[in-house]
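Participant: Please read through the structure below; I'll follow up with questions.
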Amino acid sequence: MKFLAALQFLTTFPVRRDFSPEEIGQSLGYFPIVGLILGLVLAGLSWLLDLLLPVALVDILLIVTLVVATGALHLDGLLDACDGIAAHKTPQERLDVMRDSRAGAFGVIGACCLLLLKYISLTTMPESARMAALVLMPVLGRWGTVYAVFAYPYATRHGVGRIFKEQGRWRDLALATITALFVAVVLGRFGGLVVMFGIWITVITMAAYLGSRFGGLTGDTYGAITEVTETSVLIIVSLFVRNHWFWAWP
């Protein structure tokens, strides 16, 4: 049931069921598994479309597919977080800006820059690592969010993100970490471990920065962390392969 709760929360897949706050909060451990499903969908779609279309067009379709499959959940969080960061105000006032349902200029600019960076990273990805990166990207993106939930304080007393902070348990973090480690090692061997370490550095850096701006993390900042870590996976993998660090990536 907790897996289905994670699937319902993180995707637009048709899971028609009501879950308790406890089931939703304790679904954290299954976030990387949902990421694995998304990654396999992207890899399969890439394999199919590569037979019919140019790579650049395929990459655009893959990015659109990920946005649609997640209901733009994380991208919406990035939009709100960028608007809040751009407000030169107190942490509480930044939180108020972030709660505004209207997208501001800085949010739109931030989302456009990230999508462009993700597209360029994917388009220039060496073919030998493309499928592995497509699968690893959503897995580590969601693992990074799980780590941020447990490692950093929450900024407000309300919000969906608060449910995860209050209901999540350490064994959920352990399950998520074991899943992410397994996928990383299977896909990249030692290189997968190095990529995961790089994502951990990315998460702690970003969480510390966001925490300093908002007085803690929120559901929107969790979404922003997911988007940035996904993009970071593509950049790190491409960095290894293009520099012929085959000791780190098969």
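The values are calculated or read from the model by the stated rules, or taken from the named source; none is laboratory data. The structure presented is a predicted model; accordingly, all values stated were derived computationally and were not measured. Neighbour counts are summed over all protein chains in view; Cβ atoms, including those assigned to glycine, are modelled from backbone coordinates with ideal geometry.
Participant: Criterion first (aromatic (Phe, Trp, Tyr), surrounded by 15 or more Cβ atoms within 10 Å (Cβ to Cβ) and over 30 Å from Ser238 (Cβ atoms)) does Tyr154 satisfy it?
Facilitator: When the stated conditions are applied, Tyr154 passes them.
Participant: Could I ask something else about it? With the checklist (1) free of Cβ contacts under 8 Å to residues at least 24 places away in the same chain; (2) closer than 17 Å to Arg130 by Cα in hand, flag the one item Gly35 doesn't pass.
Facilitator: For Gly35, the exception is condition (1).
Participant: Something else now. So, of the residues in the range 68-98 that are within 30 Å of Val139 (Cβ to Cβ) and surrounded by fewer than 16 Cβ atoms within 10 Å (Cβ to Cβ), which turns out to be modelled with the highest pLDDT?
Facilitator: Val68
Participant: Among the numbered criteria (1) assigned to a helix (DSSP H, G or I); (2) polar (S, T, N, Q); (3) touching a Gly at 6+ places or on another chain (Cβ under 7 Å), which one does Thr12 miss?
Facilitator: Every listed condition holds for Thr12 apart from (1).
Participant: Let me ask you something else. Can you tell me which condition Thr218 does not meet? The list is (1) under 26 Å from Gly161 (Cα atoms); (2) free of Cβ contacts under 8 Å to residues at least 24 places away in the same chain; (3) among the β-branched types (Val, Ile, Thr), and all the others hold.
Facilitator: (2)
Participant: Considering every residue within the range 139-154, establish whether at least one is more than 20 Å from Gly29 (Cα to Cα) and among the hydrophobic types (A, V, I, L, M, F, W, C).
Facilitator: Within the range 139-154 (the criterion being more than 20 Å from Gly29 (Cα to Cα) and among the hydrophobic types (A, V, I, L, M, F, W, C)), the answer is no, since none of the residues qualifies.
Okay, residues lined up against (1) part of a helix (DSSP H, G or I); (2) β-branched (Val, Ile, Thr); (3) out of contact with any strand residue (DSSP E or B) (no Cβ under 7 Å at 6 or more places or on another chain); (4) under 25 Å from Ser101 (Cβ atoms):
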residue	(1), (2), (3), (4)
Arg17	no, no, yes, no
Ile24	yes, yes, yes, yes
Pro32	yes, no, yes, no
Ala43	yes, no, yes, no
Leu57	yes, no, yes, no
Gly71	no, no, yes, yes
Leu75	yes, no, yes, yes
Cys82	yes, no, yes, yes
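Participant: Testing Ser101 on (1) of a type in the set (S, T, N, Q); (2) within 23 Å of Thr156 (Cα to Cα); (3) loosely packed, with under 15 Cβ neighbours inside 10 Å; (4) modelled with pLDDT of 80 or more, one condition comes back false. Which one is that?
Facilitator: So the condition that Ser101 fails would be (4).
Participant: Filter the range 13-45 down to residues that are surrounded by fewer than 14 Cβ atoms within 10 Å (Cβ to Cβ) and out of contact with any helix residue (DSSP H, G or I) (no Cβ under 7 Å at 6 or more places or on another chain) and give me whichever is nearest to Glu166 (Cα to Cα).
Facilitator: Selected residue: Ser20.
Participant: Moving to a separate point now. Select from the range 72-84 the residues that are under 13 Å from the mean Cα position of the chain (by Cα) and in contact (Cβ under 8 Å) with a residue 12 or more places away in the chain and write down the one among them that is nearest to Thr12 (Cα to Cα).
Facilitator: Filtering first and then ranking leaves Leu73.
Participant: While we're on this one: For the range 108-155, give me each residue that is in contact (Cβ under 8 Å) with a residue 12 or more places away in the chain, among the charged types (D, E, K, R) and over 17 Å from Ile225 (Cα atoms).
Facilitator: Residue satisfying the conditions is Arg130 alone.
Participant: So, restricting to helices (runs of 4 or more DSSP H) that lie completely within the range 127-199, which ones have at least 2 residues that are at pLDDT 85 or above and more than 30 Å from Gln92 (Cα to Cα)?
Facilitator: So the answer is 130-151, 170-188.
Participant: Report, by residue number, each residue of the range 46-60 that is buried (at least 19 other Cβ atoms within 10 Å of the Cβ) and either without any contact (Cβ under 8 Å) to a residue 60 or more places away in the chain or of a type in the set (Gly, Ala, Ser) (or both).
Facilitator: Ser46, Val58
Participant: Can I ask one more? So which residues in the range 200-227 are crowded, with 24+ Cβ neighbours inside 10 Å, of a type in the set (Val, Ile, Thr) and part of a helix (DSSP H, G or I)?
Facilitator: Those that are crowded, with 24+ Cβ neighbours inside 10 Å, of a type in the set (Val, Ile, Thr) and part of a helix (DSSP H, G or I): Val203, Thr221, Ile225, Thr226.
Participant: Pull up the range 228-243, narrow it to residues that are β-branched (Val, Ile, Thr) and in contact with a Ser or Thr (Cβ under 8 Å, 6 or more places away or on another chain), then point me to the one that is surrounded by the most Cβ atoms within 10 Å (Cβ to Cβ).
Facilitator: Looking at the filtered set, the residue picked out is Thr229.
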